[in-house]
Amino acid sequence: MKQIKVLKGTKDILPQDVETWQFVEDCANKVFSSFGAKEIRTPIIEATELFARGVGNTTDIVNKEMYTFEKSDRSITLRPENTAGVVRSYIENGMSRLSAPVKLWYHGPMFRYERPQAGRQRQFHQVGVEMFGIDKPTADAEVILMAENFLKSVGLTDLSVEINSLGCPKCRLEYKEKLKNVIRPYLDKLCDDCQERFEKNPLRLLDCKVESCQAIYAKPEIQEVINSDFLCDDCKKHYVELKDYLNKLGIKYSENKLLVRGLDYYTRTVFEIKSNNLGAQNAVCGGGRYDGLVEQLGGEHTPAVGFAMGMERLISLLPERKQTISDGFIVSNDMTEAFKLAQELRSQGFNIEMDLANKKFTKQLEKASKSAKYALILGEDEISQNKVSVKNLETSQQQTVDRHECSKYLK
Ligand code: ATP
Ligand code: MG
């Protein structure tokens, strides 16, 4: 019969790799908890409307990348990101009544119908943080600090932080118009995507990866607008204060005026963390402030800031981990006694395997030496005397000990 294969753009995370994933998830839990953040788990399916309204109709995600299907006359989408879902839950569960800031973190699979390539899958995983209720730059600084601490805790240091401020809807409006005015004369020379973005989401133009577009945006009159200081007084103050905190905290960053991020909902701060060791898809983390989103999704006006990291990209930067092996492997021809000893030791927290195929002693020893630190031998003599022969499989040293004491030798 024809073999069924994994879907294009999706991957199995195999047993030999899962320990790395668990390590990273563990670090996330420890580090984010150290800031008082709580984990939240929201559904993978949501109403399509949530993303249309929450991520924005002008984004690539909503326009091209969503997995959407109909069920009982409802349009349902596999979540392409998790900020919208967390915001929905924040509103629905009345978390605005909790004292601010409300700090939430999550990890899990996301789905985007994109062209699969290195660093880009159709099912991928993100770990992220959302912080609600504080409009001051202290919140932006702490969120960036959370990302930094987490990346350091998994062992990554060779990363660069880029920041920018997109201003508020008010000061951005003027900037967008100026940008459109200087770019308009070149409109017919832009790529198809940029021609579409021009009206719908002009900031995204700057984000274009097409060289001929970037050459146009490098023209002096366009650069002048890009580098102009369009922020209103409040937005400028927020940005200056954030940079001040980052400087004082020793967080190295560079400012990138072209950093606009793909999503519609950002206001003021946006940031990315990149690795030089990743090639074309080099962004590990993307985040920013989204003060308008809670209101846009039907809640009260609530300032918020957060980030999401791609776990596959992050994990691809980590060294391979040595697989852990079991503490003990029971070698015996008396299956019942083997089961009993295994259960005793497992209840004390040890990882114990035994031979289930009832092979010869020598075969069992061979298997033990491949999969465990100790062989626990239960021969006829040992069983009759209530003893166990413990063999250290690294040094080959062996000693016969009282059965109730054998756990001491495993430690
Ligand atoms: P990109 O410019 O790479 O498409 P994005 O702006 O779409 O990124 P975000 O929505 O901000 O990405 O997601 C945050 C992070 O999630 C990215 O920095 C990246 O590490 C990861 N990520 C995004 N899309 C994918 C994907 N298709 N496959 C693997 N990781 C992804
Ligand atoms: Mg993308």
Margin query: Can you name every one of the helices (runs of 4 or more DSSP H) wholly within segment 157-234 that holds 1 or more residues which are aliphatic (A, V, I, L, M) and either in contact with a Lys or Arg (Cβ under 6 Å, 6 or more places away or on another chain) or free of Cβ contacts under 8 Å to residues at least 60 places away in the same chain (or both)?
Written below: 169-183, 211-217, 220-226
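Every residue, every condition in (1) loosely packed, with under 13 Cβ neighbours inside 10 Å; (2) modelled with pLDDT of 95 or more, yes or no:
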{"position": "P319", "(1), (2)": "yes, no"}
{"position": "V331", "(1), (2)": "no, yes"}
{"position": "T336", "(1), (2)": "yes, yes"}
{"position": "A342", "(1), (2)": "no, yes"}
{"position": "G349", "(1), (2)": "yes, yes"}
{"position": "K360", "(1), (2)": "yes, no"}
{"position": "A368", "(1), (2)": "no, yes"}
{"position": "A372", "(1), (2)": "no, yes"}
{"position": "A375", "(1), (2)": "no, yes"}
Item checked: Among the candidates S89, S75, S99, residue that is part of a loop (DSSP other than H, G, I, E, B) and either crowded, with 22+ Cβ neighbours inside 10 Å or away from ligand 2 (no atom under 16 Å from the Cβ) (or both) -> S99
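For segment 320-335, check the following and say yes or no: at least one residue is free of Cβ contacts under 8 Å to residues at least 12 places away in the same chain and of a type outside the set (K, R).
no
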Checklist line | Pairs, first more than 14 Å from N277 (Cβ to Cβ) in segment 305-317, second near ligand 1 (Cβ under 6 Å from one of its atoms) and among the acidic types (D, E), C-beta under 7 Å, six or more apart | finding: A308/E81
Check: If A52 satisfies every condition in (1) within 27 Å of M146 (Cβ to Cβ); (2) more than 13 Å from ligand 1 (Cβ to nearest atom); (3) crowded, with 17+ Cβ neighbours inside 10 Å; (4) not acidic (D, E) but one, which is the exception?
Finding: (1)
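Residues that are farther than 23 Å from M110 by Cβ, at least 2 per element: which helices (runs of 4 or more DSSP H) completely within segment 264-377 meet that? Spell out how you get there, then give the answer.
Working: elements: 293-296, 311-316, 335-347, 361-371.
Because the criterion is at least 2 residues that are farther than 23 Å from M110 by Cβ, the helices (runs of 4 or more DSSP H) in segment 264-377 that meet it are 335-347, 361-371.
Can you name the residue in segment 59-72 that is assigned to a strand (DSSP E or B) and closer than 28 Å to V260 by Cα and, of all such residues, is nearest to ligand 2 (Cβ to nearest atom)? Outline the logic, then answer.
Filtering segment 59-72 down to residues assigned to a strand (DSSP E or B) leaves 67-71.
Adding the requirement that they be closer than 28 Å to V260 by Cα leaves 67-68.
Details: Y67: 14, T68: 17 Å.
So, considering only residues that are assigned to a strand (DSSP E or B) and closer than 28 Å to V260 by Cα, the one nearest to ligand 2 (Cβ to nearest atom) is Y67.
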Margin query: Given the criteria buried (at least 16 other Cβ atoms within 10 Å of the Cβ), hydroxyl-bearing (S, T, Y) and part of a loop (DSSP other than H, G, I, E, B), does T42 qualify?
Written below: yes
Next item on the list: Can you run down the residue pairs with Cβ atoms below 8 Å, 6 or more apart or on separate chains, where the first is in segment 42-70 and closer than 15 Å to V87 by Cα and the partner is at pLDDT below 90?
Entry: G54/Y265; V55/L263; V55/D264; V55/Y265; G56/N201; G56/L263; G56/D264; G56/Y265
Check: All but one of (1) crowded, with 16+ Cβ neighbours inside 10 Å; (2) away from ligand 1 (no atom under 15 Å from the Cβ) hold for Q22; which doesn't?
Finding: (1)
Checklist line | Residues (of a type in the set (V, I, T) and either at pLDDT below 95 or out of contact with any helix residue (DSSP H, G or I) (no Cβ under 7 Å at 6 or more places or on another chain) (or both)) located in segment 377-399 | finding: I377, T395
Item checked: Those residues of segment 258-296 which are away from ligand 1 (no atom under 12 Å from the Cβ), at pLDDT 95 or above and out of contact with any helix residue (DSSP H, G or I) (no Cβ under 8 Å at 6 or more places or on another chain), in sequence order -> D291, E295
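The values are calculated or read from the model by the stated rules, or taken from the named source; none is laboratory data. Quick caveat: nothing in here was measured; it's all calculated off a predicted structure. Counting neighbours? That spans all protein chains shown, and the Cβs are built from the backbone with ideal geometry, glycine included.
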